[in-house]
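Accompanying notes for the structure given below.
Laboratory data are not the source of any read-out in this text; all were calculated from the coordinates shown. Please read these numbers as outputs of a predicted model, since none were measured by experiment. Every residue, glycine among them, receives a Cβ derived from its backbone with ideal geometry; neighbour counts consider all protein chains shown.
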Amino acid sequence: MSVKVTACAPSNIAFIKYWGARDLSRALPVNPSLSMTLRTSYARTTAAEIDGKSDVIELAAPDGTLTRAPDGFAARAGRHLEHLREWTGRRAALRIATINSFPSDAGLASSAAGFCALAFAASHALGHTPSAAELSRLARLSGSGSAARSAMGGFVLWPSTDDDESPAVAVAPPDHWPLENVIAVVDTEAKKVSSRDGHRRAATSPHFETRLANLPDRLARVQRAIQERDLATLGPLIEEEAIELHLIAMSSSPAIFYWTPATLAVLDRVRSLRETGLQAYATMDAGPNVHVLCEADDAERVAAALEAVPGTERVLRDGMGTGPVLVDRHLF
Ligand code: PMV
């Protein structure tokens with residue numbers, strides 16, 4: 001009888017962003033990135049070997065219903081499974097079902113959690129247990145670079161060395177600094193331009209080279225602020241970085257606009273919160289939603305303030321998380 005395995009893998013939010021690739025199909029980045037692993041935004045994926053030649057890829061609904069995954073997603077997952085079969089040396093077809101705990105395709109890094117959970121569950125179902133470093137490399141082979149950072153908890157740097165093929169490494173464990181991440185969801189529609197296209201266009205921005213020249217210093221300062229748990233230093237750096245990602249996107253050819261008026265309204269509210277003395281700082285990925293980082297004691301006030309911004313559809317509470325785990329809550 002085939003083994004059924006279910007993995008939960010966390011999403012992550014980047015403080016220093018991966019934007020622009022040397023090799024997009026293998027997600028080899030032009031710059032190192034650094035993220036915080038999340039606690040409540042995760043993907044849950046069940047994998048089991050099946051008879052036959054073709055993989056079966058399904059999406060689970062919250063009520064447990066399973067439907068065939070759309071062709072594009074199934075094809076991408078199938079290509080990823082080929083890498084996992086190659087790594088494990090076992091050529092078996094797999095049944096896969098997956099669900100996210102958060103809205104997909106809304107700039108909440110659904111691909112990071114999803115492909116990391118797929119790599120973890122499928123390699124176990126194929127009889128192999130990857131180390132965190134191996135999982136990081138396997139997750140990246142999906143083509144989602146941020147998935148490489150979801151293989152471990154805490155604050156995560158990827159790549160870990162000057163070699164862009166090196167896996168991610170945790171630079172501080174989750175209990176080093178349990179920051180909270182309050183997410184203002186202003187739009188849950190699938191984004192119109194994928195991060196894949198964003199990476200492809202990044203180098204067309206006239207500001208891209210300047211960004212790359214400035215990044216090593218910013219990364220070093222972010223790492224120091226994390227080591228010193230210094231939010232007053234970290235916060236402005238991560239805001240500057242997020243705005244720069246969007247500057248590159250908006251000045252790419254063709255231009256990409258991920259922000260909506262509600263994004264700007266949330267950013268404005270975060271600035272007003274700071275004027276009241278509260279330490280809260282925003283970052284955004286390739287989407288309109290805003291992640292606000294703060295200390296645990298301030299999360300309630302931040303959430304209430306974001307809920308009151310016209311255009312906020314809902315507020316998600318998240319925070320520091322640990323790495324992927326296996327669970328018994330199977331999806332089939
Ligand atoms: O992992 P990808 O290819 O979906 O790209 C991630 C891009 C950003 O989320 C915008 C930045 C990041 O480092 O997570």
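For a modelled paramagnetic label at T233, 7 Å from Cα along Cα-to-Cβ, the residues of segment 169-193 in reach, with backbone nitrogen under 20 Å, are 171-180. Computed from label points 7 Å out along Cα-Cβ, the spacing between D23 and R329 is 3.8 nm. Excluding same-chain residues fewer than 8 positions from K191, which aspartates and glutamates have a Cα within less than 15 Å of its Cα? In chain and number order, the partners are D105, D285. Count Lys and Arg as plus one, Asp and Glu as minus one, and take only other residues whose Cβ is under 10 Å from that of W177; the net charge is then -3. Within the shell defined by Cβ-Cβ distances under 14 Å, the residues around L326 carry a net charge of +2, with Lys and Arg each +1 and Asp and Glu each -1. In the chain, helical runs assigned H by DSSP with n ≥ 4 each contribute -39500 (n - 2.57); averaged across all residues and rounded to the nearest 500, the mean residue ellipticity at 222 nm is -11000 deg cm²/dmol.
Under the rule a/c < 1.5 gives rounded, and otherwise a/b versus b/c splits prolate from oblate, where does segment 153-300 land using the Cα gyration tensor? Here segment 153-300 falls in the oblate category.
Modelled this way, with points 7 Å down the Cα-to-C-beta line, the labels at R301 and S194 are 4.3 nm from one another. Between R224 and E275, the simple spin-label model (points 7 angstrom out along Cα→Cβ) gives 3.1 nm. Working from Cα pairs under 8 Å separated by at least six residues, relative contact order for segment 179-332 is 41 percent.
Each of N181, T210, A139 was placed along the dipole of the chain (beta-carbon charges, centred on the mean Cα), and the one lying farthest toward the positive end is A139.
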